[in-house]
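A.B. asks: If you scroll down you'll find the structure; I have some questions about it.
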Amino acid sequence: KLGLLFGLVAALGSFVGSNIVVNFDEKYLNLITAILLSFVFLILFFRNKLGVEEKIVSHKHWIAAVVSAFLLGIYGGFFGVGFGTFITFIFILVGMNFLKSAAASRVVGLIMSSTATAVFVYHGTINYPYAIALGLGLAIGGWIGAGIGIKKGNEYVKILFRIILLATIVKLIFEFLK
C-alpha cells in the first residue's frame, strides 16, 4: 500500500521531470547525483543502525517523505540514475528497515518509470531494443536480488547497499571527469 501511494506521488513528479529532460546536460547531472549519493553514503556509514531496526516516526516525517517522493519523481523522470537508491533511503529515514524499504521502493520505481516511459513513448524517444534488453536485465536482477535479500537479511542488504552506492558514486564522478 505504501509503495502504491508513494508511487502515485512519484509518478506526478516523473511526468514533470520527463517533460523537461531535454534542458539538462547529463554530465552535470552525474556530478550532482554523485554529490547527493555521497551524503547518503556518509549518513549510512556513520549511523550504523539506520535501516537495520525499524522505528515509529511521526506524521510530519511521512509528509516530508511524500514531498521527497514527488521531487524524486521529477528527478527520476528526467534522469533516473540513483532514483531507487534515493527513494529507498527516504523510506529508511522514516523508519523502515532495508528489506521493507527496498520492497516499497521497487513499487514506487515501477510506477514512476512507467509514467516516464509513457511520456517518452508519446514523444517517440525510446530505443526499443535497448529498452527491452535493459528491462529484462533489471527484472532478472531484481528477482535474484530480492531472493538474496530475503534470505540474507537486513545487515547483509545494508552492506551490499553501501558497496553499490560507493560504486555508483565512483562511476558518476568518472563520467563527469571524462
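A.B. asks: Of K27/K152; K1/K151; K60/K100; K1/K152, which sit over 28 Å apart, Cα to Cα?
C.D. replies: The pairs that break the limit, which is 28 Å between Cα atoms, are K27/K152.
A.B. asks: Determine the shape class of region 1-83: with a ≥ b ≥ c the square roots of the Cα gyration tensor eigenvalues, call it rounded for a/c under 1.5, and otherwise prolate if a/b is greater than b/c, oblate otherwise.
C.D. replies: Because a/c hits 1.5 or more and a/b fails to exceed b/c, region 1-83 counts as oblate.
A.B. asks: Please report Rg (one decimal) and Dmax (integer) in Å for the Cα set of the chain.
C.D. replies: 16.0, 45
A.B. asks: Another question, then. Taking all protein chains in place and a 1.4 Å probe, what share, in percent, of the accessible surface of the chain do carbon and sulfur account for?
C.D. replies: 74
A.B. asks: Let me ask another. Ignoring everything except DSSP H segments at least 4 long, calculate the 222 nm mean residue ellipticity for the chain; use -39,500 (n - 2.57) per segment, divide by total residues, nearest 500. Provide the component values of the computation, followed by the final result.
C.D. replies: Numbers: 7 runs with 145 residues, N = 178.
That comes out to -28000 deg cm²/dmol.
A.B. asks: Still on this structure, please answer the following. Where a Cα-Cα gap under 13 Å defines reach, which aspartates and glutamates qualify for K178, not counting those fewer than 8 residues away within the same chain?
C.D. replies: Qualifying aspartates and glutamates at Cα under 13 Å: E26.
A.B. asks: Could I ask something else about it? At 1.4 Å probe size, put V16, V119 in order of accessible surface, largest to smallest.
C.D. replies: V16, V119
A.B. asks: Round to a whole angstrom and tell me the spacing of the C-alpha centers of region 44-93 and region 98-159.
C.D. replies: Computed from Cα coordinates, the inter-centre distance equals 16 Å.
A.B. asks: Quick one: accessible area per residue over the chain, 1.4 Å probe, rounded to a whole number of Å²?
C.D. replies: Result: 60 Å² of accessible area for each residue.
A.B. asks: Then there is this: So how far apart, in nm, are the two label points at N127 and I43 if each is 7 Å from Cα heading toward Cβ?
C.D. replies: For the pair N127/I43, the computed spacing is 3.4 nm.
The values are calculated or read from the model by the stated rules, or taken from the named source; none is laboratory data. It should be emphasised that the depicted structure is a prediction, and the values quoted were computed from it without experimental measurement. Virtual Cβ from ideal backbone geometry, glycine too; neighbours counted across all protein chains shown. Surface accessibility is based on the protein's heavy atoms, side chains included, excluding ligands, DNA and RNA. Shrake-Rupley method; radii C 1.70, N 1.55, O 1.52, S 1.80 Å.
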